[in-house]
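Enquirer: Have a look at the structure that comes next, please.
The values are calculated or read from the model by the stated rules, or taken from the named source; none is laboratory data. No experiment lies behind these values; they were computed from the predicted model shown. Quick reminder, even Gly has a Cβ in these numbers, built from the backbone with ideal geometry, and neighbours come from all protein chains shown. To get the accessible areas, we keep the full protein, side chains included, count just its heavy atoms, and leave off ligands, DNA and RNA. Shrake-Rupley method; radii C 1.70, N 1.55, O 1.52, S 1.80 Å.
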Number of protein chains: 4
Amino acid sequence: MVVKVSIFGMGLVASHYIVGLYRLKEGSMKPYGVPLAKYDLAVDFLEEEIVSVYDVDTRKVGKSVRDIVTESLKDVIPLPSSLPETEVRKGLLMGSAAGLDKLFPVSGRDQEIEPMEAIEEIANELKKDSIDVVFNLISTEPAEPFRSEEELLKRIKEGKASAAQAYAYATYLASKDTGKQIAFINLIPTPLANDPVMVNLFAETNSLLLGDDGATGATPLTADLLEHLAERNRLIRFIVQFNIGGNTDFLALTIPERNLMKEKTKSSIVEDILGYDAPHYIRPTGYVEAIGDRKFVAMDIEWITFNGLVDELIVNMRINDSPALAGLAVDLARLSKALMERGVKGTCYEVNAFYMKNPGPKNAKNEARIKAYYDMLKYLKELKIIKE
Amino acid sequence: MVVKVSIFGMGLVASHYIVGLYRLKEGSMKPYGVPLAKYDLAVDFLEEEIVSVYDVDTRKVGKSVRDIVTESLKDVIPLPSSLPETEVRKGLLMGSAAGLDKLFPVSGRDQEIEPMEAIEEIANELKKDSIDVVFNLISTEPAEPFRSEEELLKRIKEGKASAAQAYAYATYLASKDTGKQIAFINLIPTPLANDPVMVNLFAETNSLLLGDDGATGATPLTADLLEHLAERNRLIRFIVQFNIGGNTDFLALTIPERNLMKEKTKSSIVEDILGYDAPHYIRPTGYVEAIGDRKFVAMDIEWITFNGLVDELIVNMRINDSPALAGLAVDLARLSKALMERGVKGTCYEVNAFYMKNPGPKNAKNEARIKAYYDMLKYLKELKIIKE
Amino acid sequence: MVVKVSIFGMGLVASHYIVGLYRLKEGSMKPYGVPLAKYDLAVDFLEEEIVSVYDVDTRKVGKSVRDIVTESLKDVIPLPSSLPETEVRKGLLMGSAAGLDKLFPVSGRDQEIEPMEAIEEIANELKKDSIDVVFNLISTEPAEPFRSEEELLKRIKEGKASAAQAYAYATYLASKDTGKQIAFINLIPTPLANDPVMVNLFAETNSLLLGDDGATGATPLTADLLEHLAERNRLIRFIVQFNIGGNTDFLALTIPERNLMKEKTKSSIVEDILGYDAPHYIRPTGYVEAIGDRKFVAMDIEWITFNGLVDELIVNMRINDSPALAGLAVDLARLSKALMERGVKGTCYEVNAFYMKNPGPKNAKNEARIKAYYDMLKYLKELKIIKE
Amino acid sequence: MVVKVSIFGMGLVASHYIVGLYRLKEGSMKPYGVPLAKYDLAVDFLEEEIVSVYDVDTRKVGKSVRDIVTESLKDVIPLPSSLPETEVRKGLLMGSAAGLDKLFPVSGRDQEIEPMEAIEEIANELKKDSIDVVFNLISTEPAEPFRSEEELLKRIKEGKASAAQAYAYATYLASKDTGKQIAFINLIPTPLANDPVMVNLFAETNSLLLGDDGATGATPLTADLLEHLAERNRLIRFIVQFNIGGNTDFLALTIPERNLMKEKTKSSIVEDILGYDAPHYIRPTGYVEAIGDRKFVAMDIEWITFNGLVDELIVNMRINDSPALAGLAVDLARLSKALMERGVKGTCYEVNAFYMKNPGPKNAKNEARIKAYYDMLKYLKELKIIKE
Ligand SMILES: NC(=O)c1ccc[n+]([C@@H]2O[C@H](COP(=O)([O-])OP(=O)(O)OC[C@H]3O[C@@H](n4cnc5c(N)ncnc54)[C@H](O)[C@@H]3O)[C@@H](O)[C@H]2O)c1
Ligand SMILES: NC(=O)c1ccc[n+]([C@@H]2O[C@H](COP(=O)([O-])OP(=O)(O)OC[C@H]3O[C@@H](n4cnc5c(N)ncnc54)[C@H](O)[C@@H]3O)[C@@H](O)[C@H]2O)c1
Ligand SMILES: NC(=O)c1ccc[n+]([C@@H]2O[C@H](COP(=O)([O-])OP(=O)(O)OC[C@H]3O[C@@H](n4cnc5c(N)ncnc54)[C@H](O)[C@@H]3O)[C@@H](O)[C@H]2O)c1
Ligand SMILES: NC(=O)c1ccc[n+]([C@@H]2O[C@H](COP(=O)([O-])OP(=O)(O)OC[C@H]3O[C@@H](n4cnc5c(N)ncnc54)[C@H](O)[C@@H]3O)[C@@H](O)[C@H]2O)c1
Ligand SMILES: [Mg+2]
Ligand SMILES: [Mg+2]
Ligand SMILES: [Mg+2]
Ligand SMILES: [Mg+2]
């Protein structure tokens, strides 16, 4: 059973996902970093196929995927002998371009035609390509959830929705027209799986909207560390977490509105897990190109232990940022397909809770990943997605 | 419902447990560091009462508990206005004295009378005092499990059993004679809850043997960190963990046979959680008096992530060693009582899995603490020990 | 020989300086943290006396020094039995108030009378009090050096000079009128010892202007670490340094213009010591009140070693911010007095190079502290300020 | 002016030195990690030539240098197109073989012929090859200094001297017979430059004995960190330093007598630099093969700052162990030659103080490296070895 994948945002995460997938296909690599690789799943990741790719960076639009990933990864990891030749198509800018053009030259279809027309064009392409799964991997953007379907339509028509919202809407349209289930996997902070208006649209077409913001790096680890401390009833005095990297994702976060979005999804864990809002400072902190994609994380946590004494935990990490998310993507494409086949629609908390920094639906709790993992395993076994 | 407690080993952990308990009783402190303090438990920790205390350090035997804890903690934490006046009684040396006398002057009843006689003396005292719960908090000792009840009897008679084994046996005798359930909580590495021979004796008297080795410090954290990595299918290249402190527990571990015992209980988590024996170096590393009880831990873990790239995690901690275990003790006394009342006997994996470094029974898996915690909560709720 | 001291900015550093000095006077503390305490100096620190103190925080103005330091430090360190009763006088706001009033209520003499008049008032007080040494310890402020004495006068008259510049000018005036040498020790980032116009004024009155920005915390350590690496001809790939604290100094740095000032003085070391501008990110990173004055620093340095391989150094610190500077102040007051007596005027690179983040005069090199220390020792011995 | 080099101990450091030298010769690498590379030195490192190599590992003896370094480094760094073809000659085992044969099969000339005969054989080879500089890079060995020349002769004849002592003596003999100056550079802990008996022999032949134990890794950094703290008169409460690696040097240090030698040279800095013996734990801590040559270091230092408050510094490093020493070797060969030409004989503290962990002569102080560096620069400039 083939899983046809479309990707919005042909950046470093997309590159790692594509290269990794094709190395797995040719058997030259073990699936480390793919959480469920050790289980026998209803859908094998080898069934995933890259069908279409979209971007707004004018240096990428029109180029082949092969050329883009070769350029960005040839000095970093061994490349597979075959790679998709697909040409990168032009995407949408919508309301979220702000500041992006300071980083690189951009252009979007909505600059030439009406926003709704541009969205329909993309919906038509998703239909024509028989896409099963859409990955949203565009640069972090500022965005607000919709309060109603009317507001959604209004903001989309006026070009004031964000690009991610527009892509999700295009996916909904494609699925509505054809009756084919299509999953939209939102790996960036834009609230989509946390937006009831959006989730309802996907429920309507028996499709799935997973999100928001892939849980890699320091955030899920922090969740487990806080849980570890909370389970011993230690009182957190403060937690600080710094993050610095040199990839374009960090560069984009130097634009203040974009940074804000990350801070939101990263900080929600504190209160959700501890039950109180311990003093904290958790946010992407800076950009130094020479650090590259192997970001540096520093964390300091102080707490009160038994008898009122103070303990301290300092964590430092050097982690490859983009491969971490790419490894999750490998699971998420096949999981979405398997879930939709079993009638799961709207969004799926059990999966989001493990894979996402800000798991939808709205107001759903951000819990320890280790707990979320075992709950998910149970859920997937009951649905027979994991075979025992 | 009063929980009458006897303690073997009047060291720093015992001191923190006693001081903390009396501060909680007088209401001058919040129960931070007591894992289940936020739940409504069948037995309140305020019911715990220190009835008798044993040691072999001649400087402590005959002194009042109040004087000992005052001396060791008066410059560290506020002391409660009331503290037990009980005199420390002389314990047993048995086969585990080796090397201890280089650290401080020791003497045991088994130096004056036959081992079995001495054990029976202690059993009689436990009976007379109507003890419900015995804590084993003596210095780490070298010890081997028994292979049969005969071997047990033989080694005990010849004085070749370890002191911890002798105390556990004395507890069994007390309970057997009176029919009263008595829990023995083994917080040191000696394999007791991991020794089927011992566990059977306790099952026979409807009593409980919990253990082994209280899970504080770096080990349970390492368990959760390894689980976190394993759930993402990352391949651990190596893990190293250093530990250095300045309390007498670390001093005792400079005696090689004693260090070995710790290494065993600390290293078992690697294979149990990862499913393979990743290269590791995990052990108490040294003693520097000036560090005191706030030990320093350093950990380095390297793994392979998606696309074969290498990530690294470094953890440094400064943690108050003894209060951490004292906080667990507060829970364990009341839990034991509640469990025995509900007919749980022998040992109890669900509780050991969270509270112990090397959870009994023998061959039971060492699993992630976060998983063990949720499994334990479910178990305690089913038994109505945690009221909802 | 008494050293009469006036302090501008009655904050945490001033509090620690005063408390420490009086504890030293009463003999209840060893002079740890005072660099030259182990040498026999021409002027003993016990000669330092607090004569006047200025602030603009309306909650402090009019209060006694004793009450202010008692309030801020009574739970932190033992207080000496005697403390100065002096009342805090109202200072100047000038051009540097921007944003400060969001943090606390402020008021300055220059709100009531003309700037120049207010400055003269302060100059008169310095004269009347026979001040020898002025410490500038006000909140970090945005400020630009003067290009000429005319510009200085113009900006001062129009109230556009910064408060630190105004205080330095007042000190100059006091000294000019009386012929008495007065040292101005600038412990904040405002370029004063780096401003040739200012330095010339002090040279004119045979007085001394030391600065800028006291070298405590991570910056001088970074200087020595970079020197250590440079001496082995390692190529620095990048250096990042984060800093977070919870004192009002960090709070003030959340105001962007103020943060910028710190970044400047902190980053200059990289190129000065390495000889090339290695990629870096060095700046105060945030404010979390619960961290208090014991700030958290994280640093990551990567370099290329022999045969092109990559090494990494990670540094984490928890350091008491304000006492560190207070310890330097103890030396600087007596050194200034001794230097002026020996005819040193204008500024003094040899001393600045060790004690200051951005040592004046302008364009003077920021060098490794260990080198600066030995060069300073030699200099002070030649001047017979350190007796051998 | 060619510098003819002979190496004893064809291990990882020797491999990195040789590969690096030939990459420098072919111009395919920058001399990072070679301390004095940025200066114009009297002798260029391109003049260094590998003439002979000795080992006792039977798997290496008889093999070509090219094959050995290719095998050990081909997956680690790019190899130069040309490498020495010299065959590794059999060395001496002497009294220092203890335990080595548990690690690999060994054999030495002194197993076949009398010790003194074997030494003379090697001396003759050094003469025949016109060697200028001998590097001692054999595995760390237990060894005691000689108390007199008689004792030296006695222990050598009885085969009870260590291998390093025997090699140094062979070098002395070669130089004595021919009148040619030959430098012996001892990069391991055996006290040679710290042994007055040995140093006298070299002085007698106008030759140079540099040592002991190359200063790489955490030790010289610790020296500079302690100096940094001492210069601020902070009181060190304790310092701990752990070291773990996976190269055969770390493997050899798991043999207790060998570990002891390292502990000695590593700990001497504490008292030398601080002036008091702060509580410390500094030693190679363990061996985990998977860590390879990029060792992990963890350090924790606590001190008392102004007003009696406690600060803490934690350092973690991942450093390539062997290239670090190889980079120093590049300098040391040419420096020795230049020094001997200028009449420096016996040993040379100015050079040892920077390059060695335990700088000779005996009782010479271990000082901060940054200080030692500037003192050495001055010294080398006066001798016109560094041209200005
Ligand atoms: N571990 C991780 O890397 C991680 C974790 C969580 C979330 N994320 C998120 O994933 C996203 C992708 O990360 P990345 O490292 O690949 O970033 P990247 O900067 O390398 O790639 C982003 C790509 O999106 C393109 N883009 C921007 N706006 C677009 C639009 N409107 N339409 C189509 N394409 C657009 C950019 O041109 C760029 O090619 C980011 O939003 C990031 O925050 C990454
Ligand atoms: N976080 C922790 O502190 C922690 C965690 C897990 C396990 N433990 C274990 O708990 C035990 C107690 O730790 P501590 O810090 O209180 O140590 P400690 O050294 O302060 O106290 C041990 C006490 O036991 C006494 N003792 C020794 N042998 C005895 C015997 N045969 N009979 C009676 N008393 C005896 C000693 O005299 C001493 O008073 C140690 O074995 C330690 O390994 C501690
Ligand atoms: N280690 C260190 O703490 C360190 C190191 C280098 C520099 N500094 C600098 O020293 C200064 C003082 O640090 P702190 O921790 O005491 O800060 P603080 O915030 O505790 O104290 C600053 C005081 O200055 C007062 N002030 C502000 N503007 C003033 C004005 N115009 N006139 C008179 N008073 C004024 C404030 O009201 C406050 O009382 C800061 O500028 C800081 O950047 C501190
Ligand atoms: N940064 C560093 O790597 C560093 C720093 C200071 C000192 N050192 C010292 O340098 C030495 C070499 O380090 P390495 O990493 O190359 O070690 P290594 O184990 O890779 O090499 C040592 C070599 O010496 C040989 N050897 C042992 N005994 C010998 C003998 N009697 N005669 C001749 N050869 C003998 C061994 O067979 C081996 O080939 C060690 O003693 C180490 O302690 C290394
Ligand atoms: Mg990324
Ligand atoms: Mg303990
Ligand atoms: Mg401050
Ligand atoms: Mg080595």
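Enquirer: Determine the percent antiparallel among the DSSP beta bridges restricted to the protein assembly as shown, to the nearest 5.
Expert: Beta bridges within the protein assembly as shown, antiparallel portion: roughly 50 percent.
Enquirer: Considering only DSSP beta bridges with both partners in chain A, what is the antiparallel share in %, to the nearest 5? Each step should come with its number before you reach the end.
Expert: Values: 25 of 52 bridges.
Antiparallel: roughly 50 percent of the beta bridges in chain A.
Enquirer: Report the convex hull volume per residue for the range B:200-246, counting only C-alpha atoms, in Å³.
Expert: Numbers: hull volume 6.7 nm³, N = 47.
Output value, Cα hull per residue: 143 Å³.
Enquirer: Could you go through the range A:190-204 in sequence order and give the Karplus-derived ³J(HN,Hα) for each residue, using 6.51 cos²θ - 1.76 cosθ + 1.60 with θ = phi - 60°, rounded to whole Hz, and x for Gly and Pro?
Expert: The phi angles translate into 2, x, 10, 5, 9, 10, x, 4, 5, 4, 4, 4, 5, 4, 4 Hz.
Enquirer: Next question, about the same structure. Any of A:LYS25/D:LYS74; C:LYS38/C:LYS384; D:LYS180/D:LYS337 with alpha carbons more than 18 Å apart? Name them for me.
Expert: A:LYS25/D:LYS74
Enquirer: Could you state the angle between the C-alpha long axis of helix D:321-341 and the longest principal axis of the C-alpha atoms of chain D, as a value from 0 to 90 degrees rounded to the nearest 10?
Expert: Computed tilt is about 70 degrees.
Enquirer: On the accessible surface of the range B:98-180, probed at 1.4 Å, how many percent belong to carbon and sulfur atoms? Could you put the intermediate results ahead of the total?
Expert: Numbers: 1710 of 3630 Å².
Percent of accessible area from carbon and sulfur atoms in the range B:98-180: 47.
Enquirer: Need one number: buried accessible surface between chains D and B, 1.4 Å probe, both sides summed, DNA, RNA and ligands left out, in Å² to 100.
Expert: On the way: alone 16010 and 16040 Å², together 30170 Å².
That pair of chains buries around 1900 Å² in total.
Enquirer: Over chain D, average the accessible area per residue using a 1.4 Å probe and give it in Å², no decimals. If you can, show how the numbers build up before the last one.
Expert: Numbers: 12570 Å² over 388 residues.
In whole numbers, chain D has 32 Å² accessible per residue.
Enquirer: Going by a ≥ b ≥ c, the root eigenvalues of the Cα gyration tensor, does the range D:37-193 fall in the rounded group (a/c under 1.5), the prolate group (a/b larger than b/c) or the oblate group?
Expert: oblate
Enquirer: Once you keep just the Cα pairs under 8 angstrom separated by 6 or more residues, what percentage relative contact order results for chain B?
Expert: Working: 813 pairs, mean separation 78.0, N = 388.
So the answer I get is 20 percent.
Enquirer: A further question follows. How far is the Cα center of the range A:154-210 from the Cα center of the range A:43-101, in Å?
Expert: 21
Enquirer: What accessible area, in Å² to the nearest ten, does a 1.4 Å probe give for D:MET116?
Expert: 40
Enquirer: Normalised by the number of residues in the range B:218-320, what is the relative contact order in percent for Cα pairs under 8 Å and 6+ residues apart?
Expert: On the way: 180 pairs, mean separation 37.3, N = 103.
Dividing the mean separation by the residue count of the range B:218-320 yields 36 percent.
Enquirer: For chain A, what is the convex hull volume of its Cα atoms per residue in Å³? List each step's numbers first, then the result.
Expert: Values: hull volume 50.4 nm³, N = 388.
Convex hull of Cα atoms, per residue: 130 Å³.
Enquirer: Roughly how large, in nm² to one decimal, is the mean projection of the convex hull of the alpha-carbon atoms in the protein assembly as shown?
Expert: On the way: hull surface 241.8 nm².
Average projection, Cα convex hull of the protein assembly as shown: 60.4 nm².
Enquirer: Any chance you could check the Cα centroid distance between the range B:17-34 and the range B:327-380 for me, in angstrom?
Expert: Centre-to-centre distance over Cα atoms comes out at 22 Å.
Enquirer: Sticking with this structure for a sec: Ordering B:SER336, C:SER267 from largest to smallest accessible area (1.4 angstrom probe), what's the sequence? It would help to have the intermediate numbers written out before the result.
Expert: Numbers: B:SER336 0, C:SER267 25 Å².
Output order, biggest surface exposure first: C:SER267, B:SER336.
Enquirer: Can you pull the one-decimal nm distance between simple spin-label points at C:GLU112 and B:LYS378, each 7 Å off the Cα toward Cβ?
Expert: It works out to 7.3 nm between the two label points.
Enquirer: Is the range A:174-255 best put as rounded, prolate or oblate by its Cα gyration tensor, with a ≥ b ≥ c the root eigenvalues, rounded for a/c under 1.5, and otherwise prolate when a/b is larger than b/c, oblate when not?
Expert: Numbers: a/c = 3.46, a/b = 1.75, b/c = 1.98.
Taking the square roots of the gyration eigenvalues as a ≥ b ≥ c, the range A:174-255 is oblate.
Enquirer: Using each residue's phi in the range C:118-126, evaluate 6.51 cos²θ - 1.76 cosθ + 1.60 at θ = phi - 60° and report the 3J(HN,Hα) Karplus result to the nearest Hz, with x for Gly and Pro.
Expert: 4, 4, 5, 4, 5, 4, 4, 5, 4
Enquirer: For the range D:120-188, what is Rg from Cα atoms divided by 2.2 N^0.38 Å, rounded to two decimals?
Expert: 1.09
Enquirer: By accessible area of protein heavy atoms, probe 1.4 Å, what ranking do A:PHE238, B:PHE45 get, highest first? Could the numbers behind the result be given before it?
Expert: Numbers: A:PHE238 0, B:PHE45 25 Å².
Sorted by accessible area, descending: B:PHE45, A:PHE238.
Enquirer: For a quick check of understanding: with a 1.4 angstrom probe and all protein chains in place, what accessible area in square angstrom does B:LEU253 have, to the nearest ten?
Expert: Answer for B:LEU253: close to 10 Å² accessible.
Enquirer: At R0 = 22 Å, how high is the FRET efficiency between B:SER28 and C:SER82 if r is their beta carbon distance? Nearest 0.05 is fine. Show your work: numbers first, answer last.
Expert: On the way: r = 33 Å, r/R0 = 1.51.
Computed FRET efficiency for B:SER28 and C:SER82 comes out at 0.10.
Enquirer: Now a separate question. Evaluate the distance, in nm, between pseudo-label points positioned 7 Å from the Cα of A:ASP277 and of C:LYS127 along their respective Cα→Cβ axes.
Expert: Spacing of the two 7 Å Cα→Cβ label points: 5.5 nm.
Enquirer: Now a separate question. Going by alpha carbons, how many degrees (0 to 90, nearest 10) lie between the helix axis of A:218-230 and the longest principal axis of chain A?
Expert: For A:218-230 against chain A, the angle is about 30 degrees.
Enquirer: With every protein chain in place, what's the accessible area of A:ILE291 (1.4 Å probe, Å², nearest 10)?
Expert: 10
Enquirer: Shielding of A:294-301 by partners, i.e. mean partner chain Cβ atoms within 10 Å per residue?
Expert: Numbers: counts 5, 0, 10, 3, 13, 4, 10, 1.
Taking the mean over all residues of the peptide, I get 6.
Enquirer: Cα gyration tensor of the range C:218-320, axes a ≥ b ≥ c as square roots of the eigenvalues: rounded (a/c below 1.5), prolate (a/b > b/c) or oblate? Don't jump to the answer; show the numbers that get you there.
Expert: Working: a/c = 2.75, a/b = 1.93, b/c = 1.43.
Note, shape of the range C:218-320 comes out prolate.
Enquirer: Once phi is turned into θ = phi - 60°, what whole-Hz ³J(HN,Hα) does the Karplus curve with 6.51, -1.76 and 1.60 give for every residue of the range D:36-41, x standing for Gly and Pro?
Expert: Once θ is set to phi - 60°, the couplings for the range D:36-41 become 8, 4, 7, 9, 8, 9 Hz.
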